[in-house]
Amino acid sequence: MNVWIIFPLLLVLLTMTGCDPQINIAGAYFPAWLLSGLVALAAFWILHLIFLRTKMIPFFVPIPLFYAALYIALTCGCWLLFFAAR
């Protein structure tokens, strides 16, 4: 591709990083995706304990792929639930 097309597009994309929602917690600003990831990690841990107790883990054939997809889905769902309406 032409450099004259890529460079302005890259500059626009870099300036968009300042548009993410910020949350003030005890005087410090945190990005919304970080809080969503932490809440999703807690929900992921609870779901993992439920899966262990109900003995459902052998049914998840590629376990790393399933857990990665579950964590990503929980993170995106948490972000949509709490921060998308801003």
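Residue pairs whose Cβ atoms lie under 7 Å apart, separated by 6 or more positions or on different chains, with the first residue in the range 71-86 and assigned to a helix (DSSP H, G or I) and the second modelled with pLDDT of 90 or more, are Tyr71/Ala40; Tyr71/Phe44; Leu74/Ala40; Leu74/Ala43; Leu74/Phe44; Thr75/Ala40; Cys78/Val39; Cys78/Ala40.
Given the criterion in contact with a Cys (Cβ under 9 Å, 6 or more places away or on another chain) and aliphatic (A, V, I, L, M), identify the matching residue among Ala28, Ala43, Ala84. Step through it out loud before you land on a result.
Numbers: Ala28 fails: in contact with a Cys (Cβ under 9 Å, 6 or more places away or on another chain); Ala84 fails: in contact with a Cys (Cβ under 9 Å, 6 or more places away or on another chain).
The conditions single out Ala43.
Only residues that are assigned to a helix (DSSP H, G or I) and at pLDDT 80 or above were counted in the range 12-62, giving 23.
Residues considered: Ala73, Ala43. Of these, the only one that is out of contact with any Asp or Glu (no Cβ under 8 Å at 6 or more places or on another chain), of a type in the set (A, V, I, L, M) and surrounded by 14 or more Cβ atoms within 10 Å (Cβ to Cβ) is Ala43.
The values are calculated or read from the model by the stated rules, or taken from the named source; none is laboratory data. All of these numbers come straight from a predicted model, not from anything done at the bench. So basically every Cβ, Gly included, is an ideal-geometry build from the backbone, and we count neighbours across all protein chains shown.
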